[in-house]
Amino acid sequence: MARLIHLNGLSRVGKSTLARRYADEHPGTLALDLDVLTGLIGGWRENFFAALEIARGHGRDMAARHLRDGHDVILPQLVTVHDRDPDPAFEAAARASGATYLEVVLLVDDHEHLRRLRGKRPANFVEARLQTMLEDPDSELIDRIRGHLAEYLARRPHAIRLDTTGITEDESYARFLHALDATQADTP
């Protein structure tokens, strides 16, 4: 059965990196990076969040089609209680397509999160814009996002939580694969 694997977590904790690696090692898997789609929507620089909403709609359509065709989708996307259209809409799209929905949340302590955030080299213009927003010294955006994510996770007891504090990308990926294997073993 096809799966929609939602990689949730704070910005710059490794969601896209793990998603790309998973897709590279699992032929046919769609690595559906909504930040990349957002950058394809005209006007995203002026109104990032409006473009993101459009990208989410296109992303749900792409995911549903890919899942119906029997292929996995991996979605690296931060979702919190603040989102107007949270990814339970992706969960619904997965179920409507006859697929399994799994949410894996990458966690990291505050100190390491800041280190990763500052050490990240943006891969595209959208990532660069997000990085600028997150690094603004006058902004409380990071703290707000952390609080929104914690509140969201309190409502999502079935989400798989993976602490990646103090471990390498390879170790994070191994834990991620192990968690996926464990959930597959639990599915009848």
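Every number here is computed from the coordinates shown, using simple stated rules; none is lab data. Model, not experiment: these values are computed from the prediction. Note: ideal-geometry Cβ built from the backbone for every residue, glycine included; neighbour counts use all protein chains shown.
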What nm value, rounded to one decimal, do you get for the distance between Arg146 and Ala96 when each label is placed 7 Å out toward the C-beta? 3.7
Taking loop as defined by DSSP and a crowding limit of 15 other beta carbons within 10 Å, which trypsin sites (Lys or Arg not before Pro) in the stretch 16-48 fit? Arg45
Ala179 and Glu25 label points (each 7 Å along its Cα→Cβ direction) are spaced in nm at 1.5
For the chain, give the magnitude of the charge dipole about the Cα centre (Cβ charges: +1 Lys/Arg, -1 Asp/Glu; no others), in debye to the nearest 20. 240
Identify the GluC sites (Glu not before Pro) of the stretch 39-123 meeting these criteria: DSSP loop state and at most 15 other C-beta atoms within 10 Å of the C-beta. Glu46
Over all alpha-carbon pairs in the stretch 3-177, figure out the percentage whose distance exceeds 21 Å. 47
Just subtract the alpha-carbon distance of Glu169 and Asn124 from 0.36 nm times their residue separation and send over the number in nm, one decimal. 14.2 nm
Most exposed first by the Cβ proxy, i.e. fewest other Cβ within 10 Å, how do Asp24, Asp35 rank? Asp24, Asp35
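Just from its helices, what would the mean residue ellipticity at 222 nm be for the chain, if runs of 4 or more DSSP H residues each count -39500 (n - 2.57) and the sum is divided by every residue, rounded to the nearest 500 deg cm²/dmol? Walk me through the numbers before you get to the answer.
Working: 8 runs with 99 residues, N = 188.
Calculated mean residue ellipticity at 222 nm is -16500 deg cm²/dmol.
Can you put His113, His148, His158, His26 in order, fewest other beta carbons within 10 Å first?
Taking fewest neighbouring Cβ atoms as first place, the list is His158, His26, His148, His113.
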Give the relative contact order (percent, whole number) for the chain; include only Cα pairs under 8 Å separated by 6+ residues. 30
Sorted largest first, extent of the stretch 1-97 alpha carbons per principal axis (Å): 39, 27, 26
Most exposed to least, judged by fewest other Cβ atoms within 10 Å, Val36, Val105 sort to Val36, Val105
